[in-house]
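K.L.:
Attaching a single structure in structure tokens format; questions to follow.
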Amino acid sequence: MQDFFDAVILANKDILELLNSDSDENFYQSCSLGAGGDISSKIDLLAEEIFIKYLSKFGNIYSEECGFVDNSKEDEIIIDPIDGSDNFASNLPYYGTSVALKRDNKCIAGIIVNLANGEIFIKDNCRFEKANLKNLQFKKVVKNQYSKLGLFERTYCSKSTPELMRKHHIKYRSPGAFALSLAYAHEVDFVLYEGKMRAYDIEAGLFMCEDLYVEKREDLLLVSKDKEIFGKISQFI
């Protein structure tokens, strides 16, 4: 497993170096319709190429941009090469990458990186830790008992929930990178998402939330470390 983690870390370092380079590449250029149904930007495709280079030896790859890559392996790797592409294009510091490793149709490892600040979250069946790509000094992820707000993704698509949140005096932000928000679920009051969910959006992040309260429907996901907050939001959504 460590070899897999090391390869994902190296891929993220290469992507981060690319983002910070003085390259003449137009990273924001729209290229083609990705397998996930969104228009892929150039940085999405370049990041995907880096992941495929490092991870193909570990399993077949299912990525938001290219779809399925058959490497004649038994394991499956699910990738979101750039989570929060619109944030990156808008110079908002909340975007990253998400990688999940599945075996026998079950997630056994997840790695999510915040490329804006270098934070990396790693989880397998033995550990859930975080560090920074600069020093890789890992420490255990623990629940933040002092959080004051939650994360509500795709708020702009919701017809009634924002008004209910206001009515119940529940504070939230809508940062715009779903996998990354799930990685921070232990830090905030809750993570809520309304809309269609795809494997590369949730596979790694949901694996990191398995010790939290979770309600998942076809087009809604609620995660919280707090039983009372979870119950309150569950009732009105």
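K.L.:
Residue 48 - would you say it is in contact with a Pro (Cβ under 9 Å, 6 or more places away or on another chain) and either within 20 Å of residue 67 (Cα to Cα) or at pLDDT below 90 (or both)?
P.N.:
yes
K.L.:
Still on this structure, please answer the following. Evaluate the following for residue 174: is it surrounded by fewer than 21 Cβ atoms within 10 Å (Cβ to Cβ), modelled with pLDDT of 95 or more, under 19 Å from residue 98 (Cβ atoms) and hydroxyl-bearing (Ser, Thr, Tyr)?
P.N.:
Answer is yes for this residue.
K.L.:
Considering region 66-90 alone, what residues qualify as being part of a loop (DSSP other than H, G, I, E, B) and either under 19 Å from the mean Cα position of the chain (by Cα) or buried (at least 23 other Cβ atoms within 10 Å of the Cβ) (or both)?
P.N.:
Scanning region 66-90 gives 66, 84, 90.
K.L.:
Can you tell me which residues in region 146-169 are modelled with pLDDT of 95 or more and not hydroxyl-bearing (Ser, Thr, Tyr)?
P.N.:
148, 149, 150, 151, 152, 153
K.L.:
In addition: For residue 63, which of the numbered conditions (1) of a type in the set (S, T, N, Q); (2) crowded, with 19+ Cβ neighbours inside 10 Å; (3) closer than 19 Å to residue 151 by Cα fails to hold?
P.N.:
(3)
K.L.:
Here is a further query. Check residue 202 against each of (1) under 20 Å from residue 175 (Cβ atoms); (2) assigned to a helix (DSSP H, G or I); (3) in contact (Cβ under 8 Å) with a residue 40 or more places away in the chain and name the one condition it does not meet.
P.N.:
Single failed check for residue 202: (3).
K.L.:
Confirm whether residue 57 is of a type in the set (D, E, K, R), within 17 Å of residue 10 (Cα to Cα), assigned to a helix (DSSP H, G or I) and over 12 Å from the mean Cα position of the chain (by Cα).
P.N.:
Yes: the conditions hold for residue 57.
K.L.:
Hey, another quick one. List, please: which pairs have Cβ atoms under 9 Å, are six or more places apart or on different chains, and start with a residue in region 84-97 that is farther than 22 Å from residue 120 by Cβ and end with one that is at pLDDT below 90 and in a helix (DSSP H, G or I)?
P.N.:
89/43
K.L.:
Consider residue 147 carefully, then state whether it is without any contact (Cβ under 8 Å) to a residue 40 or more places away in the chain and either in contact with an Asp or Glu (Cβ under 9 Å, 6 or more places away or on another chain) or aliphatic (A, V, I, L, M) (or both).
P.N.:
Here the answer is no, as residue 147 does not meet what is asked.
K.L.:
I've got another one for you. Give the residues of region 114-140 that are touching a Gly at 6+ places or on another chain (Cβ under 7 Å) and surrounded by fewer than 19 Cβ atoms within 10 Å (Cβ to Cβ), sorted by residue number.
P.N.:
Those that are touching a Gly at 6+ places or on another chain (Cβ under 7 Å) and surrounded by fewer than 19 Cβ atoms within 10 Å (Cβ to Cβ): 132, 133, 134.
The values are calculated or read from the model by the stated rules, or taken from the named source; none is laboratory data. Small disclaimer: the values here were computed from a predicted structure and weren't measured. Please note: Cβ atoms are built from the backbone with ideal geometry, for glycine as well, and neighbour counts cover all protein chains shown.
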